[in-house]
Amino acid sequence: MSMPVEVSDRSYRRLTRYAVWSVVSLLVALAVTAASPESLWLIAIVMGLPLLPAIGPFQAEVALNPVLDDEGRRRWRIVLYVLPWSMTLYWHRYVRR
């Protein structure tokens, strides 16, 4: 049986910063893409690079999440890695206090 684990204050602040950055980068990427659609790939790379350090803490949070089953963990790990902007959704659904 899994033991419920609470997110420490330090981790909570870090995950919150990453979640905010992910939604801001998505909004900026969408706004710039609307103005200049031919540079979509460049915008996605530039806005996604700062989110690379966030993958580890979110993957650790998924691994320790007592609410998720194995299938749910597998799905969230894939989604967080492939779509870094989904960090905000995960934060809102599972981390937010």
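The values are calculated or read from the model by the stated rules, or taken from the named source; none is laboratory data. What you see is a predicted model; the values in this text were computed from it and never measured. Positions of Cβ are generated from backbone atoms using ideal geometry, with glycine treated the same way; all protein chains shown enter the neighbour counts. Note: areas computed on protein heavy atoms with side chains; ligands, DNA, RNA excluded. Shrake-Rupley method; radii C 1.70, N 1.55, O 1.52, S 1.80 Å.
Apply the membrane-span-like helix rule to the chain: whole DSSP H runs, Cα extent along the own long axis of at least 27 Å, mean Kyte-Doolittle hydropathy at least -0.5. List the helices found.
9-35
What is the gain in length, in nm to one decimal, between LEU64 and LEU49 on full extension, counting 0.36 nm per residue of separation less the C-alpha to C-alpha distance?
Additional length available on full extension: 2.9 nm.
Could you give the C-alpha radius of gyration of the chain expressed as a fraction of 2.2 N^0.38 Å, taking N as the number of residues it contains?
1.17
Just to confirm, what accessible area per residue do you get for the chain at 1.4 Å probe, in whole Å²?
Normalised by residue count, the accessible surface of the chain is 67 Å².
Can you tell which of VAL62, VAL46, VAL24 shows the greatest fluctuation in a Gaussian network model of the chain with Cα springs below 10 Å?
Fluctuation is largest for VAL46.
Summing Lys, Arg as +1 and Asp, Glu as -1, what charge do residues with Cβ under 11 Å from the Cβ of PHE58 carry, PHE58 excluded?
Charge balance near PHE58 sits at +1.
Using a 1.4 Å probe on the protein heavy atoms, what percent of the accessible area of the chain belongs to carbon and sulfur?
Ligands and nucleic acids excluded, carbon and sulfur reach 67 percent.
Report the extension gain between ARG74 and ARG97 in nm, rounded to one decimal, defined as 0.36 nm multiplied by the number of residues separating them, less their alpha carbon distance.
Result: 5.9 nm gained on full extension.
How far apart, in nm, are two points set 7 Å out from the Cα along the Cα-to-Cβ line at THR16 and at SER36?
3.4
Based on DSSP H runs of at least 4 residues, each adding -39500 (n - 2.57), what is the mean residue ellipticity at 222 nm of the chain after dividing by all its residues, to the nearest 500 deg cm²/dmol?
Value at 222 nm, helices only: -21500 deg cm²/dmol.
What does the charge count near LEU80 come to, summing +1 for each Lys or Arg and -1 for each Asp or Glu among other residues with Cβ under 13 Å from its Cβ?
After counting each charged neighbour, the total is +4.
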